[in-house]
Amino acid sequence: MNRAVMKRAKKLGKLFSLKVDSRGDTGIGTLIVFIAMVLVAAVASTVLIHTAGTLQQRASSTGQQTTQQVSTGLSVSSIYGINNETAAFTAGSIKWVAIYIGETSGSQPVNLGNVTLQLTYKGQTASLTYIGNNSTVAGYHSAAQGTNNVFQSKYFSALDNNSAGASDHFAVLTIADPTSSLSGTYPVVSYGDQVALLVNVTAVFGAGISQGQSVTGSVTPPSGNPGVIQFTAPESFTQAIVQLQ
């Protein structure tokens, strides 16, 4: 076979030979990587959306709790006591006290059943809770229609009975209840309501509050700002009813 024939045979072989093109494999690999990236991005975005929703919900809840904590509160408007010695006022001591409280402006309703009344006298601190109101203990009374004597014995009757817990409880006397939110079972104070917390200090501290003695304390709701109690009894009691704060 001569050279010319051999050259033609090589040309025909090259012409009809199948060449492997690797560009198709490269395109398929790129497509697979792209699809994987899309799937990963979709999963990541779902997780981010869920996390953002959870954080938003928590932030909203925390904001509401913070607002309630800041805005809710009780205030002590005045405190009165009665001298247990009617014959010689200067020789007596305060047996009962009535602590007038109300809600601060913008406050949420407060259930007095969850309130703690703290009093400190002569180095002794007492934490008092609502004595309640049921068939055996009358710890709630209403004077919303008016009363000529806040220190009537019937209002303090439950606290005069030591078995009912006079040493670690207070009673409630309603003075104003325009929203009708107060009851013996649920003494809920709303804005505009005014109540008096009644305490038998003799039962709590073992003795009444003497002249010139200081008392501190607070009326603390479960959430919010407490009402402040801070007074010094007068050096002499010139009448039966004494304004302490």
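The values are calculated or read from the model by the stated rules, or taken from the named source; none is laboratory data. Not measured: the values here are computed from a predicted model. Side chains included, ligands, DNA and RNA excluded: accessible areas come from the protein's heavy atoms. Shrake-Rupley method; radii C 1.70, N 1.55, O 1.52, S 1.80 Å.
Below is a table of values for the structure above.
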{"read-out": "Using distinct alpha-carbon pairs, which all enter the 1/r mean, Kirkwood radius of region 105-189 in Å", "value": "13.8 Å"}
{"read-out": "For region 96-209, accessible area per residue (1.4 Å probe, heavy atoms of protein chains only), Å²", "value": "42 Å²"}
{"read-out": "For residue 237, solvent-accessible area (1.4 Å; no DNA, RNA or ligand), Å²", "value": "0 Å²"}
{"read-out": "Contact order normalised by residue count of region 95-245, Cα under 8 Å, 6+ apart, percent", "value": "30 percent"}
{"read-out": "Whether region 122-245 is rounded, prolate or oblate, judged on the alpha carbon gyration tensor where a/c under 1.5 counts as rounded", "value": "rounded"}
